[in-house]
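The values are calculated or read from the model by the stated rules, or taken from the named source; none is laboratory data. As the structure is a computational prediction, the values presented were derived from the model and not from experiment. As a convention, Cβ positions derive from the backbone with ideal geometry for all residues, glycine included, and neighbour counts pool all protein chains shown. Each accessible area value is taken on the protein alone, full model and side chains, heavy atoms only, with ligands, DNA and RNA left out. Shrake-Rupley method; radii C 1.70, N 1.55, O 1.52, S 1.80 Å.
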Amino acid sequence: MTSEQLRYAIELANYHTMQRAADVLHITKSGLSRAIQQLEEELGVQLFSRTSAGTQLTEQGKQLLPLMQQELRVNFRLHQSATNLRQSATGRIVRFGYANTLLRPLVREYLATRKRDPHFSYLDLSQHPTAEIVRQVESGELDAGFIDADRELQQRLSHLDFHPIHTGGLSLFTGAQNALVGQSLTIEKLRAQQYVMLKDPINQTVFDHLQSLCGPLEVVLQTQDYAIACEAICQLDAVLPACGLLLYGAVENYRDYQLVEHPLTSLVDDRFTYGWISNPQHPLDKPTADFIDRVCRRIEDGARGN
């Protein structure tokens with residue numbers, strides 16, 4: 001079993017037709033069919049069946065798909081770790097730890113609110129991954145939290161109040177001189193790029209999907225700091241997968257970088273919703289709810305360039 005066979009099976013499961021999957025993978029339909037047949041023979045199960053609706057996963061295929069995705073992710077992690085070890089041996093990697101938070105719209109509204117009302121509540125801010133914010137809102141440790149949620153997570157939030165701010169997807173951002181500017185995105189062009197990664201689960205999920213299409217991609221920097229990421233892609237002529245809304249909200253002088261946005265919708269289904277959650281068992285008071293509404297408007301205005 002090869003990573004190429006796994007990648008082909010995952011994309012066929014996404015597109016449901018041999019021809020469409022073969023086009024996306026830039027191989028022949030017969031080559032894709034042969035690779036799937038070899039994988040099925042090695043596993044000893046039929047993964048796909050042809051129906052009037054196209055090529056569909058069998059029940060056995062549906063059970064094995066998450067394992068195939070996991071196996072492919074492990075393969076990519078192995079490749080990246082090996083690359084890191086090679087770079088470490090030649091002194092090319094230096095590791096730093098730091099903490100970072102997307103604060104700008106929240107802090108600016110808080111300062112404006114306190115200026116108008118010196119008796120407004122004291123604000124305690126902390127940064128956590130989305131899953132931890134959900135847990136702490138559930139337990140009452142947090143009164144509210146701003147999160148990014150894909151469709152699967154939103155379905156699991158039915159016991160909480162989820163208030164959407166913006167629905168969209170990730171794009172690729174480059175400097176104005178990058179070779180992707182003015183070009184349609186293709187697998188070959190994406191393979192030729194270097195990537196800067198933000199340490200965020202949704203970014204990583206989308207990047208994993210890109211790698212399932214393209215094979216292992218070269219990551220030159222991982223960071224939690226959006227401003228550092230913007231500077232890096234300009235200095236290194238690299239590519240940053242990111243949500244434009246969060247870039248607008250996180251980077252003070254975002255437009256000074258003159259970044260070019262390349263939507264990924266033609267290649268990856270990456271829709272997610274950015275919003276805030278609260279616990280109906282611990283309702284917010286009106287001043288706090290009004291404060292959050294004003295923060296949301298700041299975020300939306302920033303995304304529109306106001």
Inset, instruction - Could you look through the stretch 132-148, keep only residues that are of a type outside the set (A, V, I, L, M, F, W, C) and in contact with a strand residue (DSSP E or B) (Cβ under 8 Å, 6 or more places away or on another chain), and pick out the one that is most open to solvent (accessible area, probe 1.4 Å)? - result: 143
Inset, instruction - Enumerate the pairs (first residue in the stretch 62-85 and closer than 29 Å to residue 49 by Cβ; second residue anywhere and surrounded by 12 or more Cβ atoms within 10 Å (Cβ to Cβ) and among the basic types (Lys, Arg)) with beta-carbon separation below 7 Å, excluding pairs fewer than 6 apart on the same chain, so at least 6 apart or on different chains. - result: 72/7
Legend entry - Qualifying position, being at pLDDT 90 or above and open to solvent by less than 90 Å² (accessible area, probe 1.4 Å), among 63, 5, 70: 5
Inset, instruction - Would you mention how many residues in the stretch 179-197 are open to solvent by 10 Å² or more (accessible area, probe 1.4 Å) and either out of contact with any Cys (no Cβ under 6 Å at 6 or more places or on another chain) or touching a residue at least 60 places away in the same chain (Cβ under 8 Å) (or both)? - result: 12
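Within the stretch 265-276, can one find any residue that is closer than 21 Å to residue 77 by Cβ, among the acidic types (Asp, Glu) and part of a loop (DSSP other than H, G, I, E, B)?
Taking the stretch 265-276 and keeping what is closer than 21 Å to residue 77 by Cβ, we get 268, 270.
Keeping just the survivors that are among the acidic types (Asp, Glu) gives 270.
Imposing the further condition that a residue be part of a loop (DSSP other than H, G, I, E, B) reduces the set to 270.
Scanning the stretch 265-276, I find at least one residue that is closer than 21 Å to residue 77 by Cβ, among the acidic types (Asp, Glu) and part of a loop (DSSP other than H, G, I, E, B), so the answer is yes.
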Inset, instruction - Please find, among 35, 99, 82, the residue that is modelled with pLDDT under 80 and either farther than 30 Å from residue 274 by Cα or open to solvent by less than 100 Å² (accessible area, probe 1.4 Å) (or both). - result: 99
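Restricting to the stretch 269-303, name every residue that is among the hydroxyl-bearing types (Ser, Thr, Tyr), open to solvent by less than 20 Å² (accessible area, probe 1.4 Å) and at pLDDT 85 or above.
278
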Legend entry - Qualifying positions in the stretch 26-36 - without any contact (Cβ under 8 Å) to a residue 40 or more places away in the chain and either within 18 Å of residue 215 (Cβ to Cβ) or touching a strand residue (DSSP E or B) at 6+ places or on another chain (Cβ under 6 Å) (or both): 27, 28, 31, 32, 35, 36
Inset, instruction - Could you list, in sequence order, all residues of the stretch 194-217 that are out of contact with any strand residue (DSSP E or B) (no Cβ under 8 Å at 6 or more places or on another chain) and not in a helix (DSSP H, G or I)? - result: 215, 216
Inset, instruction - State which residue pairs qualify: first residue open to solvent by 80 Å² or more (accessible area, probe 1.4 Å) and inside the stretch 226-239, second residue polar (S, T, N, Q) and not in a loop (DSSP other than H, G, I, E, B) in any location, beta carbons under 8 Å apart, and separation of 6 or more residues or different chains. - result: 236/194
Legend entry - Selected residue (only one of 164, 129 is in contact with a strand residue (DSSP E or B) (Cβ under 6 Å, 6 or more places away or on another chain) and open to solvent by 70 Å² or more (accessible area, probe 1.4 Å)): 164
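Could you list all residues from the stretch 37-61 that are touching a residue at least 24 places away in the same chain (Cβ under 8 Å) and under 20 Å from residue 1 (Cβ atoms)?
38, 39, 42, 43, 47, 48, 55, 57, 61
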Legend entry - Long-range neighbours under 7 Å by Cβ, at least six apart or interchain, first residue over 13 Å from residue 56 (Cβ atoms) within the stretch 1-25, second polar (S, T, N, Q) and open to solvent by less than 20 Å² (accessible area, probe 1.4 Å): 7/212; 10/212; 11/212
